[in-house]
């Protein structure tokens, strides 16, 4: 399961970086991808964090890892999502706590990312 998630994360980063449509030198801009897990203290999420960092190093992408401490803190995850959007990252990988609580932040992120 962990390998699948890490593989999907690597593929998502690779597609984003290569398919973003910006014509720049690969060394001129280091992309920043925010990864927002359901929680940060559980061993599973620590493993995902390590995999994301490794993928970031391999692809020359900065990984910004932010998330709530506990997997049941919806308000904290929403606040992290809003702060990430304000920071202006190049992409967001989100493991939402549920589809209802994070619906508006995700819709806002889509509006924020649209040209």
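Laboratory data are not the source of any read-out in this text; all were calculated from the coordinates shown. Keep in mind it's a predicted model, so treat the numbers as computed, not measured. As a convention, Cβ positions derive from the backbone with ideal geometry for all residues, glycine included, and neighbour counts pool all protein chains shown.
With a ≥ b ≥ c the root eigenvalues of the C-alpha gyration tensor of the range 41-115, is it rounded (a/c under 1.5), prolate (a/b larger than b/c) or oblate?
oblate
Could you put 47, 32 in order, starting from the residue whose Cβ has the fewest other Cβ atoms within 10 Å? Display every interim value, and only then the final one.
On the way: 47 13, 32 16.
With the fewest neighbours first, 47, 32 line up as 47, 32.
Would you mind calculating the gained length between residue 69 and residue 87 on full extension (0.36 nm times residue separation, minus the Cα-Cα distance), in nm to one decimal? Let's see the in-between values first.
Details: separation 18, 0.36 × 18 = 6.48 nm, distance 2.04 nm.
Full extension of this stretch gives 4.4 nm more.
Quick one: go through the range 69-106 and flag any residue whose amide nitrogen is under 16 Å from the point 7 Å out along the Cα-to-Cβ line of residue 32.
Output list for this probe position: 80-93.
With a Förster radius of 41 Å, plug the Cβ-Cβ distance of residue 111 and residue 54 into 1/(1 + (r/R0)^6) and report the FRET value to the nearest 0.05.
FRET efficiency, residue 111 to residue 54: 0.80.
Quick one: length gained pulling residue 98 to residue 62 fully straight, 0.36 nm per residue minus the C-alpha distance?
Between residue 98 and residue 62, full extension yields an extra 10.3 nm.
If each residue's Cβ is checked for other Cβ atoms within 10 Å, how do 111, 70 rank with the fewest at the top?
Numbers: 111 9, 70 14.
In order of increasing Cβ crowding within 10 Å: 111, 70.
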